[in-house]
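Notes to accompany the following structure.
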Amino acid sequence: MTNNPDQKNVILLLTRPEGGNERFCLNIEHLLGQCEILDNPLQKIEFLETLIEVKEESILIFTSINGLRASEKYNLRNKKCFVVGENTRKIATSAGYEVLATSSDQENLLKLINLKNPTESMVHIRGKHTAGNLCDSLKNNGFSCFEITGYNQQPLKIKKQIFHKVKSGRPVILPIFSPRSAKLLLNELDLTGFHVAAMSEAVSKELGSVDLAELVISEKPDLISMQEATLAILRRLIKFDSYTS
C-alpha cells in the first residue's frame, strides 16, 4: 500500500501485521493524500495448533482480531464472547457470536467482566506475545478461566528500499500500537527525529531514551484515536512544510 510519492514530502510508515495497515487507512485514506504511505509489517501472524478442548458453554475472550481468527481455525462452536476493539466486535457479531461486552483495552474489559459476573468458564485466545495476563487477573477475581496461545507474532525486517526512504531526511510519522512493536522497531531503526503516535503510555515508555521530533499518545487505546493522533501530526507537518516552502 504505497501511494503516489510525487511531490509528497512527509512519509507515513505503517508496520502492523497483514491486514492491519489496510484497516488503519480505511475511512481516512482520502485525508492521507499529502503523504507517502509505506507499508512494512514488522510481524507475521502464524496460527498455532491447540490440544486443549473447549466446552461449548464456555465464554470466549478475544483481545484481538487474530484471536478470533484462531478460534475459527479450531472450529469452535461457542456462542458467547467478550472482546477488545470495535473491529473485533463487528467481526465477532458477523460470525454469529453474542458479544456480551466490548472494551477498548484489557484493563477495562476486566472491569466489564466483573460487572457482568458470568458463571460460565472463560477461555482467552491470545497471542504468544501479549501485554498483561487477563486470565490470571480473572482467576484472582474468582472466575474460572484458562488461555490458549492461538498464534505467534513472528518478527519481520524493514525492507531495504523502505529503510533508505525513512532515513532520507524527510519527516516520518510512525504510529506504534504495542510495546512489542516499539521494541521491534528499535531493533530495526534509529527513530531519532521521527514523529510518533503511541497507542499507550506503555508504548511511550519503550521510547523513553529516543530523541523523537514529536511524541503523541493516543487519547484512547483504539484504532479511531490512533487515526486521529496520526492525522493531527500530519496536519502540523503539512502546515509547517507549506510555511517553509
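The values are calculated or read from the model by the stated rules, or taken from the named source; none is laboratory data. Note that the structure is a prediction, hence the values are computed from the model and not measured. No Cβ is skipped: glycine too gets one built from the backbone with ideal geometry, and neighbour counts run over all protein chains shown.
Laid out as a table, the results:
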item	result
Helices (runs of 4 or more DSSP H) wholly inside segment 58-129 that include at least 3 residues being more than 16 Å from the chain's Cα centre (by Cα) and in contact (Cβ under 8 Å) with a residue 24 or more places away in the chain	65-73, 106-116
Members of segment 126-165 found to be in contact with a helix residue (DSSP H, G or I) (Cβ under 9 Å, 6 or more places away or on another chain) and loosely packed, with under 13 Cβ neighbours inside 10 Å, listed by number	N141, K157
Residue that is surrounded by the fewest Cβ atoms within 10 Å (Cβ to Cβ), among those in segment 50-81 that are out of contact with any helix residue (DSSP H, G or I) (no Cβ under 9 Å at 6 or more places or on another chain) and farther than 14 Å from Y97 by Cα	L51
Sole residue being of a type outside the set (D, E) and modelled with pLDDT under 90, chosen from R89, R77	R77
Members of segment 130-165 found to be over 26 Å from A70 (Cα atoms) and either among the aromatic types (F, W, Y) or in a loop (DSSP other than H, G, I, E, B) (or both), listed by number	N141, G142, I158, K159, F163
Single unsatisfied condition, L100 versus (1) surrounded by 20 or more Cβ atoms within 10 Å (Cβ to Cβ); (2) in contact with a helix residue (DSSP H, G or I) (Cβ under 8 Å, 6 or more places away or on another chain); (3) modelled with pLDDT of 95 or more	(1)
Residue within segment 25-35 that is at pLDDT 90 or above and either among the basic types (K, R) or assigned to a strand (DSSP E or B) (or both) present	yes
Residue that is nearest to G33 (Cα to Cα) [pool: residues in segment 178-208 that are in a helix (DSSP H, G or I), out of contact with any Asp or Glu (no Cβ under 8 Å at 6 or more places or on another chain) and of a type in the set (A, V, I, L, M)]	L185
Sole exception among (1) of a type outside the set (A, V, I, L, M, F, W, C); (2) surrounded by 16 or more Cβ atoms within 10 Å (Cβ to Cβ); (3) in a helix (DSSP H, G or I) for P175, by number	(3)
Members of segment 138-159 that are charged (D, E, K, R) and more than 26 Å from F177 (Cβ to Cβ)	K139
Given (1) surrounded by fewer than 21 Cβ atoms within 10 Å (Cβ to Cβ); (2) assigned to a strand (DSSP E or B), index of the condition S168 fails	(2)
The listed residue being of a type in the set (S, T, N, Q) and either touching a residue at least 40 places away in the same chain (Cβ under 8 Å) or farther than 26 Å from V83 by Cβ (or both), out of S178, S218, S204	S178
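For every residue, the table says whether it meets (1) at pLDDT below 95; (2) in contact with a strand residue (DSSP E or B) (Cβ under 7 Å, 6 or more places away or on another chain); (3) of a type outside the set (K, R); (4) within 18 Å of R16 (Cα to Cα).
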position: I176; (1), (2), (3), (4): no, yes, yes, yes
position: H195; (1), (2), (3), (4): no, yes, yes, yes
position: A198; (1), (2), (3), (4): no, yes, yes, yes
position: E201; (1), (2), (3), (4): yes, yes, yes, no
position: L212; (1), (2), (3), (4): no, yes, yes, no
position: I217; (1), (2), (3), (4): no, yes, yes, yes
